[in-house]
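The values are calculated or read from the model by the stated rules, or taken from the named source; none is laboratory data. This structure is a prediction, so every number in the text was calculated from the model and none was measured. Cβ atoms come from the backbone with ideal geometry, glycine included; neighbour counts cover every protein chain shown. Surface areas here come from the heavy atoms of the whole protein model, side chains and all, with no ligands, DNA or RNA. Shrake-Rupley method; radii C 1.70, N 1.55, O 1.52, S 1.80 Å.
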Amino acid sequence: MTDQTTEAQAAKPIPVTVLTGYLGAGKTTLLNRILSESHGKKYAVIVNEFGEIGIDNDLIVESDEEIYEMNNGCVCCTVRGDLIRVVEGLMRRPGRFDGIIVETTGLADPVPVAQTFFMDDDVRAKTELDAVVALVDAKHLPLRLKDSREAEDQIAFADVVLINKTDLVTPEELAIVEDVVRAINPTARIYKTSRSGVDLSRVLDQGAFNLERALENDPHFLDHDHEDHVCGPDCDHDHHHHGHDHHHHDHDHTCGPDCGHDHHHDHGHHHGHHHGHHDSMSPIHDITVKSISLRGGEMNPDRFFPWVQKITQTEGPNILRLKGIIAFAGDEERYVVQGVHMIVEGDHQRPWKDGEKRESRLVFIGRNLDFAKIEQSFLACQATAKTPA
Amino acid sequence: MPTVAPLDIEGHVVSTHFLGDIPFFATAAGTIHRLDGGEKVTQAHQGLLTCIRDPFSATLLSGGEDGKVVRIGHDGETTVLAEVPRKWISVIAGGPQNAVAYAVGKTSVVRQGDGSVKEFTEERSVEGIAFANKGLRIAAARYNGVSLHWVGTNAPAADLDWKGAHTGVTFSPDGRFLVTTMQENALHGWKLDGKAGENRHMRMTGYPAKVKSLSWSVKGKWLASSGAPAAIVWPFSSKDGPMGKAPLELGTRANIMVTQVAFHPAEEVLAIGFIDGMILGVRIADEKEALLRRPGKGAITGLSWSASGKLLSFASEAGDCGVIDISA
């Protein structure tokens, strides 16, 4: 609407936090804390069932999860129809609350929820997806990964992962769980908690889904080996010495932040599970989601855009998230890009700083992706690459 | 030149309707304002989600965040017809003999004038309900189509299938057609009196935005719709409806979306409300336009003609409402 935007439409978008996690992972405990603690903010909460939320609040809305496939022939283009309706209703009186929290059922696929905030024009005009927060039960995660795909999807899709109920596991078990979470999702911020006891400022108002803001908050979040990478202030673990040897599995393993070993060129090449010391503890075997961090030089936009378009069109159903910073040849500004399945968004973020290395980085998290082929075709988009035959 | 009598209301105003010559305005906060020898206000809901004019009686029907279904009389008096704790009532329809239908999740609830209640449950959420003009029959819009139910019988539903999410539904005044709004930027129509084997579908696409407002012209010759930078008006006078015909585009403005449309009760004249608060009146015959209101503070959320057709009330999302006298 350009300059015709009226006052009412110019209002700041309301942040939306999506809370995922299996039954028993601690979602209700966290919600109760958000609703009862004094943090000076009010939240509207959209839940599937009131269940055990013992707090009387006008702004708790019960909503039946209603998944709609868009009529465009794309199976992964799904939205939550009920959310569209509820958000529209809530946003007519935005002064009542500072943010919206969507609690999903334990088995829910987080993707339709997130896509609603991109694919529905009305919702998109008034709200902004702030972060997808996944709660993980440290004790039961290995079991969950064995029997469901959703548990893995929830972690893969999250911006923030709370590994909860840490008091119920040994430090060794916890280390394994954390490695598993990292292996599924190398870019999420991880916090380890018991009784959902995370500082709420680490969960709410994160701007994590807004790649530009995520980069402002944590400029190195794509740099897992960067010494300045913030792993979350509560992170107290030692990434280098886990005290047992599961690191040697090393199949597509994605290391945690600060991980010392060079893994950037290993992705996608070590497919064999050639470890003799098979350990029944290791839930990594049940992981089907994998990720790749790509690194390249300056890109040719005439190659990169058709490439990212094509890969998201053809591989969209297999791509859970993609995030990246792209350096274009001859472009003075950093270009940030992010995607969910077939939806890709990008924008210029800020000028490159003097002395800043102009390189392109892109992380894919997904299933059944041919990482070697993706890497090869990504590198072929570089400005210096030879024109493909 | 039409004159505008402004009425400023606090907050988002969801809709406006005339009962006789008294204009009513329903706010999202749940208050009902009426101009009846001065502004009178009554509280209908703690949070109002929808307020419609009952096409079968001189009352309004509303649903809210408080789970209440309310009938509002011409004097502003409210009667709670039903209450569903903890559910939002955002879909409501009025039928013959004081029947009311509303949606609760996957169920359409029909409450007849004598207080008896009948429920029809679908496989997916009910997003829109309409009563047929003749007989006690409802159409429930849901994912992948519409279910038609005779309220008085236990016969299985007649299903009208079309892939996608249907978010609203309306019968043509003559009952020959049924049209839905969709989550996609499109309308879908069914010819209800078609012969067996005949193509009964009508796809109406090409909108840049979702269609949220529909209005039938007197006698149902035209169906006007929002969702584009012009009112899109489909011809329904032939036996096949708009099949193979292009719609009229009335009140076209560059890039400024139409948010509401309302046909005059007697003439083929359409009131068109825009996202910037402007209102145009357009005559179908010669497509002549008249400016009825200049742009305001917010999108037009409701338009309603008085029974005489001399007054047009308008509601806005920013609260700057009013009544336009076109006879002046």
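Hey, if we sort B:Thr167, A:Thr104, A:Thr314 by accessible area with the 1.4 Å probe, largest down, what's the order?
A:Thr314, B:Thr167, A:Thr104
How well do other chains shield peptide B:143-149, expressed as the mean number of their Cβ atoms within 10 Å of each residue Cβ?
For peptide B:143-149, the averaged partner shielding equals 1.
Could you point to the residue in A:Val113, A:Ala151, A:Leu174 farthest towards the positive end of the protein assembly as shown's charge dipole, with +1 and -1 charges on the Cβ of Lys/Arg and Asp/Glu respectively?
So the residue we want is A:Val113.
Compute the label zone of B:Ala209 within the stretch B:5-28: residues whose backbone N is under 20 Å from the point 7 Å along Cα-to-Cβ.
Answer for this model: B:11-16, B:28.
With labels modelled as points extended 7 Å from the Cα through the Cβ direction, what inter-label distance (nm, one decimal) is found for B:Lys219 paired with A:Asp331?
5.9
Taking the dipole about the Cα centre of the stretch A:289-380, with the C-beta of Lys and Arg at +1 and of Asp and Glu at -1, give me whichever of A:Ala329, A:Phe304, A:Ser377 is farthest to the positive side.
Checking the options against the dipole of the stretch A:289-380, the answer is A:Ser377.
What is the local net charge at B:Pro242, summed over the other residues whose Cβ is closer than 15 Å to its Cβ (Lys, Arg +1; Asp, Glu -1)?
Here the charged neighbours net out to +4.
Taking K and R as +1 and D and E as -1, what net charge do the other residues with C-beta under 11 Å from the C-beta of B:His264 add up to?
0
I need the semi-axes of the equivalent ellipsoid of the stretch B:255-328: take the C-alpha gyration tensor, multiply each eigenvalue by 5, square-root it, list largest first in whole angstrom.
19, 14, 10
Computed from the mean reciprocal separation of all distinct C-alpha pairs, what Kirkwood hydrodynamic radius does the stretch B:90-191 have, in Å?
13.3
Cβ under 14 Å from B:Val69's Cβ, B:Val69 left aside: what net charge do those residues give with Lys, Arg +1 and Asp, Glu -1?
Overall, the nearby charge balance is -1.
For the protein assembly as shown, treating each Cα as an identical point scatterer without solvent, what Debye log10 I(q)/I(0) comes out at q = 0.05, 0.09, 0.10 1/Å?
Cα-only, vacuum Debye calculation for the protein assembly as shown: -0.28, -0.86, -1.01.
Direction-averaged shadow area of the convex hull around the Cα atoms of the stretch B:210-263, nm²?
Averaged projected hull area, Cα only: 3.7 nm².
Identify the trypsin sites (Lys or Arg not before Pro) of the stretch A:68-126 meeting these criteria: DSSP loop state and at most 13 other C-beta atoms within 10 Å of the C-beta.
none
Nearest 100 Å² is fine: how much accessible area is buried between A and B, summed over both sides, with a 1.4 Å probe?
3000
Using only the Cα atoms, what convex hull volume per residue in Å³ does chain B have?
Hull volume over Cα atoms, normalised by residue count, gives 125 Å³.
Can you list the residues, at least 5 places off or on another chain, whose amide H is less than 5 Å from the amide H of B:Gly227, using H built in the peptide plane?
Under 5 Å from the amide H of B:Gly227 lie the amide H atoms of B:Lys212, B:Val258, each far enough along the sequence or on another chain.
So for the stretch A:289-380, what percent of the C-alpha to C-alpha distances run longer than 17 Å?
Looking at the stretch A:289-380, the distances longer than 17 Å represent 44 percent of pairs.
Using r as the Cβ-Cβ distance of B:Asp114 and A:Asp167, and R0 as 60 Å, what FRET efficiency do you calculate, to the nearest 0.05?
Result of the calculation: an efficiency of 0.50.
Which cross-chain or sequence-distant (5 or more) residues have an amide H under 5 Å from the amide H of A:Lys42, H modelled 1.01 Å from N in plane?
A:Asp98, A:Gly99
Quick one: grab Rg to one decimal and Dmax as a whole number for the stretch A:128-175, Cα atoms only, in Å.
When restricted to the Cα atoms of the stretch A:128-175, Rg and Dmax are 11.6, 38 Å.
Helix-only estimate, please: 222 nm mean residue ellipticity of the protein assembly as shown, summing -39500 (n - 2.57) across DSSP H runs of length 4 or more and dividing by its residues, to the nearest 500.
-4000 deg cm²/dmol
Label B:Lys288 and A:Asn48 with points 7 Å out from Cα along Cα→Cβ: what is the distance between them in nm?
6.0
Might you report the magnitude of the Cβ-based charge dipole of the stretch B:84-200 about its Cα centre, with Lys and Arg at +1 and Asp and Glu at -1, to the nearest 20 debye?
About 140 debye.
In debye, nearest 20, what is the charge dipole magnitude of chain B about its Cα centre with +1 on Lys and Arg Cβ and -1 on Asp and Glu Cβ, if you could check?
Using only the charged Cβ atoms, the result is roughly 760 debye.
Eigenvalues of the Cα gyration tensor times 5, then square-rooted: what semi-axes does that give for the stretch B:183-309, in whole angstrom, largest first?
The three semi-axes for the stretch B:183-309 are 26, 17, 12 Å.
What are the ³J(HN,Hα) couplings of the stretch B:44-49, residue after residue, when phi is run through the Karplus curve with 6.51, -1.76, 1.60 and θ = phi - 60°? Round to Hz, x for glycine and proline.
9, 9, 8, x, 10, 10
Note the full-extension length gain between B:Glu268 and B:Ala158 as 0.36 nm times their separation in residues minus their Cα-Cα distance, in nm to one decimal.
36.3 nm
If you keep only loop residues by DSSP, which trypsin sites (Lys or Arg not before Pro) in the stretch A:288-389 have at most 11 other Cβ atoms within 10 Å of their Cβ?
A:Lys353, A:Lys357, A:Lys386
Give me the residues in the stretch B:94-111 whose solvent-accessible area, probe 1.4 Å, is reduced by at least 10 Å² once all protein chains are included instead of the chain isolated.
B:Gly105, B:Lys106
What ³J(HN,Hα) values, in whole Hz, does the Karplus curve 6.51 cos²θ - 1.76 cosθ + 1.60 give for the stretch A:301-311 when θ = phi - 60°, with x put for Gly and Pro?
Along the stretch A:301-311, the couplings run x, 5, 9, 4, 5, x, 5, 5, 4, 5, 5 Hz.
Please list, ordered by chain and number, the residues whose modelled amide H lies under 5 Å from the amide H of B:Val104; skip anything fewer than 5 residues away on the same chain.
Distant-sequence amide H within range of B:Val104: B:Val109.
Could you tell me which of B:Gly322, B:Ala271, B:Ile22 has its Cα farthest along the dipole of chain B towards the positive end, charges placed at Cβ (Lys, Arg +1; Asp, Glu -1), taken about the Cα centre?
Toward the positive end, the furthest listed residue is B:Ala271.
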